[in-house]
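The values are calculated or read from the model by the stated rules, or taken from the named source; none is laboratory data. Please read these numbers as outputs of a predicted model, since none were measured by experiment. We place every Cβ from the backbone using ideal geometry, glycine too, and count neighbours over all the protein chains shown. Accessible surface is based on the protein model in full, side chains and every heavy atom, while ligands, DNA and RNA are left aside. Shrake-Rupley method; radii C 1.70, N 1.55, O 1.52, S 1.80 Å.
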Amino acid sequence: MVEFPNWLEEKLAFIDDPIIRYSQRATARFFFFLNMALTYVMALEISVAAPVALYVLGWDALATEILYLSLLLATMSQIPKRFIWRYRPFMVHRANQRKRTTTSSFPSRAVACATVYAYILANIIGYASDGSFSLRWWHFVLIAALFIAISFARVNLGVHYPTDCIGGILLGVVVILTGLGIRAADVATCGDCIGGGCYSSPGNPDSEIFASSLNKINFLRFGIVIGLSVIVGVAFIVPPIQFWTKFIRVYGVLLPSLLFRLTFLCPVSTASGAAIAAPINRPWYAWLFAALISATAMTVAAITPAKKAILSFCLFYSILFCVLSAWRLFIL
């Protein structure tokens, strides 16, 4: 890990220190609870849990959009956190400590999450209103509002410099732009669920994957995705990289959703153009199951012992994929 350069820290102090002093003038308990609430709402775990819940509900286009953004957000925000060390303001007595944390300060992952979440929220509204994902002028207003709110919260708590927050919003923008490119490639290779392109052909049972016709799956792609997931797991968990202690909590939940997308919602990859059918209706208990499976997955992943991380990751990955697949094949 490389320490944040002292010369750069000194250059940025004229921006950081006055804003920290001004922000920390708000000392009422109301601000503390508000800032903590904003911090929890903008946690990375929110976007990690979302794709599996949305796939359970059959909102496949939205689930896929958030899936790729979450994978990018998790990976791209952890790279500087893992390899660049910047002391938190309270650690070097440049701010009053109002929340304890031991990780690197740069960049602000909460601000990066807020930027991406604003874009996701705008997409949810667009998806619900006209079934499309497209940038609108008010997206930028929403991003700016959330950036200001969460930046104030993190600086007021003493856990981030203003320049960390600037780095966070820039990182969030990069994640969004990269996500747009990946989604375009995904639609080109697997089909767009918004127009029904990722499902089996209506009225053609030969193109539909049932529980009794799993032989229609592209097993080559299936094996490659699993193999790459295991390789990433091993590389990220064991020394010398040891990329993230939250690996199972993040990738153990996201990667099974990716495997589901590429296995059952990608007719272009199969010789017969086979995929599961588009969901016709959602039973009332689908909402309960979506909440249950996402909450259970995040909880179990969080308490999984780190001593057997690779075995735990493989088991967790397999079980979550099987549960999600069984739900879509037998229930929805």
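Can you list residue pairs whose Cβ atoms sit under 6 Å apart, with the first residue in region 214-234 being within 16 Å of Leu258 (Cβ to Cβ) and the second being of a type in the set (Gly, Ala, Ser) and surrounded by 12 or more Cβ atoms within 10 Å (Cβ to Cβ)? Count only pairs 6 or more apart in sequence or on different chains.
Between residues of region 214-234 that are within 16 Å of Leu258 (Cβ to Cβ) and residues that are of a type in the set (Gly, Ala, Ser) and surrounded by 12 or more Cβ atoms within 10 Å (Cβ to Cβ), the close pairs are Asn218/Ser269; Arg221/Ser269.
Quick one: which residue in Tyr87, Tyr68 is among the aromatic types (Phe, Trp, Tyr) and within 18 Å of the chain's Cα centre (by Cα)?
Tyr68
If you scan region 1-47, which residues turn out to be open to solvent by 70 Å² or more (accessible area, probe 1.4 Å) and not in a helix (DSSP H, G or I)?
Listed by number, the residues that qualify are Met1, Val2, Glu3, Arg25, Thr27.
Every residue in region 63-103 that is surrounded by fewer than 22 Cβ atoms within 10 Å (Cβ to Cβ) and part of a helix (DSSP H, G or I), please.
Leu72, Thr75, Met76, Gln78, Ile79, Pro80, Lys81, Arg82, Phe83, Phe90, Met91, Val92
List every residue pair whose Cβ atoms lie under 7 Å apart, where the two residues are 6 or more positions apart in sequence or sit on different chains, the first residue falls within region 190-212 and is acidic (Asp, Glu), and the second residue, located anywhere, is assigned to a loop (DSSP other than H, G, I, E, B).
Close Cβ pairs (under 7 Å, with a partner that is assigned to a loop (DSSP other than H, G, I, E, B)) amount to Asp192/Cys198; Asp206/Ser272; Glu208/Ser200; Glu208/Ala274; Glu208/Ile276; Glu208/Ala277.
So which residues in region 203-214 are out of contact with any Leu (no Cβ under 8 Å at 6 or more places or on another chain) and under 17 Å from Ala326 (Cβ atoms)?
Glu208, Ser212, Ser213, Leu214
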